[in-house]
Amino acid sequence: MLEFLSETEKLKERLARERGIGPKELERLVREKQEDYAGLLSEAAAVFVIAVENGLTIDTSPPLPVFTRLADLGAPMRANVRAMIERIYALKTFEKNGRTGCVTNIILRDDSGTARLVLWDKEAEKVEQGGLERGDEIEVLNATVKNGLEGPEIHLGAAGSIKRVMAGKPTYSKISALKEGKEQDVIGRILEVGKRREFERNGKKSSVAWCIIGDETGTVRLILWEPYSALVERIKINDVVKIESGIVRKGFGEELELHVGGSSRLLLNPKNLDESRELGIVRLPLKKASELAEGEEAEVRVVLSKILSASDSRTTQDISRFVEALFKDDTGEIKACFKGKNVLGLLGLKTLADDISTSTVLKLKEAQLVGKEYFLIGRLAGGVFNVERVVGQSAGA
């Protein structure tokens, strides 16, 4: 029954106070109104109709929800909660009784503690599509609280609802800032797609895959464990990936790797690509060398074929570095010019002491640089591709 019908006594008091309709007169009006509706109208409904007809203003909006702190949740109960999303786990699919479904788990936090929110099927798919993000403040209304393995769990049944009330402002680590042993969030572009390998462990079949991602600060090998290993079948060069709670470990040759599995979250080509541009993840047309047009900003995927020249311009306080080199792909060759920090990107260095010349470093590294694949952003001017950013290098020569 509608909430306002429980306010019958208050309406009777208002009719007497504001309209001078006392108890006896109201009783008569109620009987008449019920007769008009062939006895189908309850007393409460009749009082409401009489109040409206006599010009009383009645607030029929639903009452504001009362929220329960996460620390006060217990099973079984129904509850409304308002909390921040601390972590979103990978979407899991399953088959049960001939039906395919999916589920995702979200860790919520408020000022009293944490709790797990479990979303099924359509609601879980909305999260996987970027409907909710880490750091968002959400309201979960009319949820069911059940006992879970780690305490009370919040389940969103058919009568429940969930909405974002405040968008979060997540921060992401640059690839050059990755630290071994830490969980970190990263946005990067796919620079190279590896292969998927199946294996068996403790009698259970699984798979793992890899790819190379990069941002404007460097590149890293991304290790994809299930449920993400199958992504290599549809990931393409230049796709953007957003990774939450990736684990940084040392891999082959003591190089850092970023591992993503069931306790992490990966979004392929997230919707908020404007934000990605601010983070240095720029999506531009990937052009062949023969397709470059004068003045157009574009990205090329090319192999270094020859170093043409290197020079430094020094002042008492600074040094400017310049390199010209030839690059090629399967359609032709281009001459590229590197300046300043982009020279370091070409060399694969983060820093270079001012007293070391660019030509000296190139003599030492030229053999390992020639034949290496690069992703470069720049503009063609006067037949020279002026590099604006070294997006990344391939893992090998």
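Normalised by residue number, the volume inside the convex hull of the Cα atoms of the range 179-278 is 109 Å³ per residue. The label point for A367 and the one for A230, both projected 7 Å from the Cα toward the Cβ, are 4.6 nm apart. Placing +1 on each Lys and Arg Cβ and -1 on each Asp and Glu Cβ, with no other charges, gives the chain a dipole about its Cα centre of roughly 1080 debye. In the chain, a dipole from Cβ-located charges (positive for Lys and Arg, negative for Asp and Glu) runs towards its positive end, and of P63, V47, I356 it is I356 whose Cα lies farthest in that direction. With the convex hull drawn over the C-alpha atoms of the range 40-135, the volume per residue is 223 Å³. Say we join alpha carbon atoms closer than 10 Å with springs in a Gaussian network model of the chain; which of D239, D330, D312 then has the biggest fluctuation? Residue with maximal mean-square fluctuation among D239, D330, D312: D330. Working value for the chain: equivalent-ellipsoid semi-axes of 64, 26, 19 Å, each the square root of 5 times a Cα gyration tensor eigenvalue, largest first. Packing, taken as the mean count of other beta carbons within 10 Å per residue, orders the peptides 256-264, 356-364 from highest to lowest as 256-264, 356-364.
Rounded, prolate or oblate: which one fits the range 3-53, using the alpha carbon gyration tensor with axes a ≥ b ≥ c (rounded when a/c is under 1.5, else prolate when a/b beats b/c, else oblate)? Oblate. Build a GNM of the chain with springs between Cα atoms under 10 Å apart, and of I307, I88, I154 the one that fluctuates most is I307. Converting phi to 3J(HN,Hα) with the Karplus coefficients 6.51, -1.76 and 1.60 and the offset θ = phi - 60°, the range 148-155 yields x, 5, 10, x, x, 10, 9, 10 Hz in sequence order, with x at every glycine or proline.
Stretching the chain fully between A167 and A353 yields a gain of 62.7 nm (0.36 nm per residue, less the alpha carbon separation). Excluding same-chain neighbours fewer than eight residues apart, the lysines reachable from K12 by a Cα-Cα span under 17 Å are K24, K33. Springs between Cα atoms under 10 Å define the GNM used for the chain, and in it the highest mean-square fluctuation of A336, A310, A353 occurs at A353. Among the trypsin sites (Lys or Arg not before Pro) in the range 201-239, those placed in a DSSP loop whose Cβ has at most 12 other Cβ atoms within 10 Å are R234, K236. Only lysines eight or more places from K306 in sequence, or on another chain, were considered; those with a Cα closer than 27 Å are K287, K288, K328, K335, K339, K341, K350, K363, K365, K372. Reducing the range 192-263 and the range 150-177 to their Cα centroids gives an inter-centroid distance of 24 Å. For a Förster distance of 22 Å, can you work out the FRET efficiency between the beta-carbons of S309 and L284, rounded to the nearest 0.05? After rounding to 0.05, the efficiency reads 0.25. Counting other Cβ atoms within 10 Å as a rough exposure proxy, the listed residues L119, L267 run L267, L119 from fewest neighbours to most. For the range 3-53, a crude dipole built from +1 on the beta carbon of Lys and Arg and -1 on the beta carbon of Asp and Glu, taken about the Cα centre, is about 180 debye to the nearest 20. Please determine, in degrees from 0 to 90 and to the nearest 10, the orientation of helix 8-19 with respect to the longest principal axis defined by the Cα atoms of the chain, where the helix direction is its Cα long axis. Computed tilt is about 70 degrees. For the range 286-393, treating each Cα as an identical point scatterer without solvent, what Debye log10 I(q)/I(0) comes out at q = 0.10, 0.15, 0.16 1/Å? Debye curve over Cα of the range 286-393, log10 I(q)/I(0) at q = 0.10, 0.15, 0.16 Å⁻¹: -0.26, -0.58, -0.66.
Every number in this text was worked out from the coordinates using simple rules, so none of it is lab data. Remember, it's a predicted structure, so these values are computed and weren't measured experimentally. Virtual Cβ from ideal backbone geometry, glycine too; neighbours counted across all protein chains shown.
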